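> Got a structure here, written out as structure tokens. Questions coming.
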Amino acid sequence: MSIAKGRALVTGGAGFIGSHLCERLLADGYDVLCVDNYYSSTKDNIAHLLEDPRFEVIRHDVTFPLYVEVDEIYHLACPASPIHYQRDPVQTTKTAVHGSINMLGLAKRTGAKILTTSTSEVYGDPTVHPQTEDYWGNVNPIGPRACYDEGKRAAETLFFDYHRQHGLRIKVARLFNTYGPRMHPHDGRVVSNFVVAALEGRPLTVYGDGSQTRSFQYIDDLIEGLLALMNSADDVTGPINLGNPGEFTIAELAGLVIEQTGTSAGIDYLPLPQDDPVRRQPDITRAKELLGWEPTIPLSDGLSRTIQYFRDTLT
Ligand code: UDP
């Protein structure tokens with residue numbers, strides 16, 4: 001039996017990103033404690049890990065305190081897709097803010113190193129392109145995305161204040177759009193929406209004219225980045241962008257999905273949601289220099305793996 005490397009807590013561990021992270025940490029020899037309230041995640045994502053004696057799951061909402069003994073905390077818990085985080089916006093802000101306070105308190109008591117997954121949404125509808133970490137963002141504080149954007153901005157504030165005030169070892173990652181197997185088929189995110197629609201023979205739903213851009217990173221690349229950040233020197237606190245700088249219009253993405261799935265159902269153009277950012281592309285100079293990390297999986301490859309996953313799992 002391998003010697004455990006340490007005890008890692010993953011909040012939001014049954015989510016799309018969390019489940020991949022749990023899997024990877026187990027493979028790397030950690031004892032993994034997965035915490036989730038299944039608000040926007042599913043037990044199916046972690047079912048294959050339950051047999052592992054080094055894997056443990058607690059159903060828990062991070063807006064309430066948690067008393068466990070761990071060495072490293074990956075704090076991911078928060079609904080991240082617009083349809084999920086806008087369903088109960090007050091709860092979204094509570095999750096981002098109270099959840100962070102609780103996990104930072106846990107880190108303070110145990111001395112654990114703590115990483116949080118912040119978001120490119122802190123840049124709002126950016127006026128600087130591509131987005132560097134020192135850009136302060138352009139967020140509408142009272143719009144429908146604010147519960148998430150401002151919640152995550154407050155969470156970053158808390159991380160840096162706990163670091164300065166209490167000397168906590170913190171790591172703040174800003175995640176750009178991420179896709180891959182185990183995205184929820186009804187998550188509402190553009191990649192899953194397009195792929196699922198194509199496979200079910202429905203038209204792809206493009207919001208607006210499809211000229212807005214996003215940069216899509218494949219899940220495996222992100223997991224490497226999160227591990228590199230957690231294992232970096234203590235003075236590397238972030239914030240640090242983790243994303244794939246390849247920038248695509250939503251129309252281009254639709255074209256790729258149509259090409260790879262062979263769907264003939266076409267495209268439905270629907271209204272653009274309020275405050276939908278026009279452009280988004282990470283500047284990853286900092287991640288390259290400080291972590292030696294950069295994504296390696298191009299959109300066409302990641303997309304074909306994702307299409308295969310949905311082909312295998314959609315009934
Ligand atoms: N989008 C779209 N069709 C969909 C879902 C999303 O055209 O079925 C667009 C959406 O308006 C946005 C982009 O795709 O411009 C990315 O949306 P998503 O919800 O995936 O993530 P966001 O980056 O907006 O948080």
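> Where does the charge balance sit around Asp276 when Lys and Arg score +1, Asp and Glu -1, over other residues with C-beta under 15 Å from its C-beta? List each step's numbers first, then the result.
Numbers: positive: Arg145, Arg189, Arg214, Arg279, Arg280; negative: Glu121, Asp125, Asp149, Asp209, Asp275.
Cβ neighbours under 15 Å give a net charge of 0.
> Additional query: Among Ser192, Ser264, Ser40, determine the one that fluctuates most according to a GNM of the chain built with springs between C-alpha atoms less than 10 Å apart.
Among Ser192, Ser264, Ser40, the largest GNM mean-square fluctuation belongs to Ser264.
> Show me the three semi-axes of the equivalent ellipsoid for the chain, from the C-alpha gyration tensor (sqrt of 5 times each eigenvalue), largest first, rounded to whole Å.
On the way: eigenvalues 182, 102, 67 Å².
Ellipsoid semi-axes (Å, largest first): 30, 23, 18.
> Between Asp28 and Asn138, how many nm apart are label points set 7 Å from Cα along the C-beta direction?
Going from the Asp28 label point to the Asn138 one covers 3.6 nm.
> Name the longest site-free stretch of the chain, where the excluded sites are chymotrypsin sites (Phe, Trp or Tyr not before Pro) in a DSSP loop with no more than 13 other beta-carbon atoms within 10 Å.
On the way: sites that count: Tyr38, Tyr67, Trp136.
Within the chain, the longest run free of exposed chymotrypsin sites (Phe, Trp or Tyr not before Pro) spans 137-315.
> Give me the net charge for the shell around Glu247: Cβ to Cβ below 10 angstrom, other residues only, Lys and Arg +1, Asp and Glu -1. Write out the running numbers ahead of the final one.
Details: positive: Arg214, Arg279, Arg280; negative: Glu252.
Charge balance in the 10 Å sphere: +2.
> What are the equivalent ellipsoid semi-axes of the stretch 90-206, built from the alpha-carbon gyration tensor (square roots of five times its eigenvalues), in whole angstrom, biggest first?
31, 18, 13
> Under the rule of at least 5 residues apart or a separate chain, name every residue whose amide H is placed under 5 Å from the amide H of Ile73.
Leu9, Lys113, Ile114, Leu115
> Choose one answer from Asp283, Asp134, Asp149: the residue with the largest mean-square fluctuation in a GNM of the chain with alpha-carbon springs under 10 Å.
Asp134
> How many angstrom lie between the C-alpha centres of the stretch 1-79 and the stretch 245-259?
Going from one Cα centre to the other spans 33 Å.
> Same structure, new question: Relative to 2.2 N^0.38 Å, what does the C-alpha radius of gyration of the stretch 1-126 come to as a ratio? Two decimals please. Can you show the working numbers first?
Working: Rg = 14.4 Å, N = 126, 2.2 N^0.38 = 13.8 Å.
After normalising by residue count via 2.2 N^0.38 Å, the value is 1.04.
> Count charges around Thr315 for me, please; just the other residues with Cβ under 15 Å from its Cβ, Lys/Arg as +1, Asp/Glu as -1. Can you show the working numbers first?
Working: positive: Arg311; negative: Asp44, Glu200, Asp312.
So the surrounding residues net to -2.
> For the chain, take the longest principal axis of its alpha carbons; what is the angle in degrees between that and the long axis of helix 16-27, to the nearest 10 within 0 to 90?
The angle comes out at about 50 degrees.
> What is the distance, in nm, between label points placed 7 Å from the Cα along the Cα-to-Cβ direction at Glu289 and at Asp52?
Label-label distance for Glu289 and Asp52, simple model: 3.5 nm.
> Calculate one ³J(HN,Hα) per residue across the stretch 242-252 by plugging θ = phi - 60° into the Karplus curve 6.51 cos²θ - 1.76 cosθ + 1.60, and present them in order as whole Hz with x for glycine and proline.
10, x, 9, x, x, 9, 10, 6, 5, 5, 5
> Using the structure shown, list the pairs from Lys5/Lys43; Lys5/Lys113; Lys43/Lys152; Lys152/Lys288 with a Cα-Cα distance above 20 Å, or answer none. Show your work: numbers first, answer last.
Values: Lys5/Lys43 25 Å; Lys5/Lys113 14 Å; Lys43/Lys152 25 Å; Lys152/Lys288 24 Å.
Pairs exceeding the cut-off: Lys5/Lys43; Lys43/Lys152; Lys152/Lys288.
> Still on this model: Quick check on packing: order 59-65, 112-118 by the mean number of other C-beta atoms within 10 Å, highest mean leading. All intermediate terms of the calculation are to be shown ahead of the outcome.
Values: 59-65: 15.7, 112-118: 24.9.
The most tightly packed comes first, giving 112-118, 59-65.
> Please rank His75, His48, fewest neighbouring Cβ atoms within 10 Å first, as an exposure proxy. Don't skip to the end; give the middle numbers.
On the way: His75 27, His48 11.
The order, fewest Cβ neighbours first, is His48, His75.
> Here is a further query. Over the chain, what is the mean sequence separation of C-alpha contacts under 8 Å (at least six apart), divided by residue count, expressed as relative contact order in percent? Spell out each step's value before the answer.
Working: 627 pairs, mean separation 53.0, N = 315.
Averaging sequence separation for qualifying contacts and normalising by length gives 17 percent for the chain.
> I want to verify a result. In a Gaussian network model of the chain, Cα cutoff 10 Å, which of these has the top mean-square fluctuation: Ile83, Ile170, Ile73?
Most flexible of the set in this elastic network: Ile83.
> Quick one: which residues, 5+ away or cross-chain, put their amide H under 5 Å from the amide H of Trp293? H built at 1.01 Å from N.
The answer is Lys288.
> Just need the relative contact order of the stretch 174-305 here, percent rounded to a whole number, with Cα pairs under 8 Å and 6+ apart. Let's see the in-between values first.
Values: 209 pairs, mean separation 49.7, N = 132.
Over the stretch 174-305, the number comes to 38 percent.
> Between His129 and Glu200, what's the calculated FRET efficiency when r is the beta-carbon distance and R0 is 51 Å? Round to 0.05.
On the way: r = 35 Å, r/R0 = 0.68.
Calculated transfer efficiency: 0.90.
> DSSP loop GluC sites (Glu not before Pro) in the stretch 4-68 with at most 13 other Cβ atoms within 10 Å of their Cβ, which ones?
Those satisfying the criteria are Glu51.
Readers should treat all values here as calculations from the given coordinates under stated rules, not as data from a laboratory. Every value quoted in this text rests on a predicted model; they were computed, and no experiment measured them. When we count neighbours, we look across all protein chains shown, and the Cβ atoms used for this are built from the backbone with ideal geometry, even at glycine.
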